[in-house]
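S.K.: First the structure, which I've put down as structure tokens, then a few questions once you've had a look.
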Amino acid sequence: MSWRRIAAVILRQFYLMKGSLSRMLPLFAWVAIDMVLWGFITRYLNSISASGINFVPTFLGAVLLWDFFTRVMQGVTMTFFEDVWTRNFLNIFSTPLSVSEYVTGLVACSVASSAIGLAVMLALATLVFGLSFLTYGVMLIPFLAVLLLFGIALGITACAMVLRLGPAAEWFVWPIPAVLAPFAGVFYPLSTLPRWMRGVGRLLPPSYVFDGMRTIVSGGHASVARLLWGGSLAVLYILVASALFKRVHRQSMQSGLLARYSAESAN
């Protein structure tokens, strides 16, 4: 694996972002809107609740973490979609760039863009709505790590799906976080769900993150063992997603799909 070729993938994305306001703005705009909207919702809930519960670390913290996961996944797919929209795959894979180097470049771009979005969310949540991350303590780091790994896994899987089905399949990618959110228990414990949904939720690493977050907010201690299990699942999903992408790429090369890659190749 050549780090110079990986750096070339990252540098290409940097130049694309640098020269386009429409690519830069989403890094800040959507996360800011989410923070402002949910920040005022939690402030309103605090004002009408007689229970004395502070909804800011519970709801606003959950929104922040879920948005971070979403940005990680979309960071991988958006970098990939740049090559989809410009029909640039033949140019890329006619070079010595390997599939592993290309995927690593996608992941590195996603981590960088997600870090920017996370910084904006942290600033808004702390300065405007008083969300103190001291509430979560050092567990915030493994929380973010598990979400980062699972976001990468889903992003790679989504790229493989679009590579196999064609550019029109990108519309299957955007709803993925919204579809997973009810199963992951972002705003409520898994015990609230029907049994079959709880079974699905236990297979999703974010469910262990949000369960641990609620435990800390309520004054308990998050289970390190459960969080390690969630992290192990995320790593497993990354390995499976990477193998899937390599397999789809190999089949696309053998069948000539890359040469015919266009909006009409969606079936």
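Each reported figure results from applying straightforward, stated rules to the coordinates on display, with no laboratory input. Not measured: the values here are computed from a predicted model. A quick note on method: Cβ atoms are made from the backbone with ideal geometry, for glycine too, and the neighbour counts reach across all protein chains shown.
S.K.: What number, in percent, do you get for the relative contact order of the chain if the mean sequence gap of Cα pairs under 8 Å and at least 6 apart is divided by its residue count?
M.R.: 24 percent
S.K.: With unit charges on the beta carbon (Lys/Arg positive, Asp/Glu negative), name the residue among Ile33, Trp229, Phe89 whose Cα is farthest towards the positive pole of the charge dipole of the range 3-260.
M.R.: After comparing all options, I get Phe89.
S.K.: Which of the helices in the chain meet the span-like rule: DSSP H, Cα axial reach of 15 Å or more, Kyte-Doolittle mean at least 1.0?
M.R.: Membrane-span-like by this criterion, though nothing is claimed about a membrane: 26-48, 99-127, 140-165.
S.K.: Quickly estimate the mean residue ellipticity at 222 nm for the chain, helices only: each DSSP H run with n ≥ 4 gives -39500 (n - 2.57), and the total goes over all residues, rounded to 500. Mind dumping the intermediate values first?
M.R.: Numbers: 11 runs with 189 residues, N = 267.
After summing the helix terms and dividing by the residues of the chain, the value is -24000 deg cm²/dmol.
S.K.: At what distance in nm do the modelled label points of Ser191 and Lys18 sit from each other, each positioned 7 Å from its Cα along Cα→Cβ?
M.R.: Taking the two extended label points, one gets 5.4 nm.
S.K.: So if R0 is 30 Å, what FRET efficiency would Leu45 and Ile10 give, r being the distance between their Cβ atoms, rounded to the nearest 0.05?
M.R.: On the way: r = 41 Å, r/R0 = 1.38.
My answer for the efficiency is 0.15.
S.K.: Here's something else I'd like to know. Stokes-Einstein D for the range 3-260 at 20 °C, 1.002 mPa s, Kirkwood Rh over Cα pairs, in µm²/s?
M.R.: For the chosen part, D equals 111 µm²/s.
S.K.: Another question about this same structure. For Arg247 and Val224, compute 0.36 nm times the residue count separating them, minus their Cα-Cα distance, and round to one decimal in nm.
M.R.: Stretched fully, the Arg247-Val224 segment lengthens by 4.8 nm.
S.K.: Sticking with this structure for a sec: Treat each spin label as a single point 7 Å out from the Cα along the C-beta direction, and report the Val138 to Arg87 distance in nm.
M.R.: According to this spin-label approximation, the distance is 5.5 nm.
S.K.: Between Phe80, Phe172, Phe183, which gets the highest mean-square fluctuation from a Gaussian network model of the chain, Cα cutoff 10 Å?
M.R.: Looking only at Phe80, Phe172, Phe183, the biggest GNM fluctuation is shown by Phe172.
S.K.: Gain in length, Leu127 to Val111, computed as 0.36 nm per residue apart minus the alpha-carbon separation, to one decimal in nm?
M.R.: Here the answer is 3.4 nm.
S.K.: Let me ask something else about it. Only Lys, Arg, Asp and Glu count, each charged at its Cβ (+1, +1, -1, -1), so figure out the dipole size of the range 3-260 about its Cα centre, rounded to 20 debye.
M.R.: 540 debye
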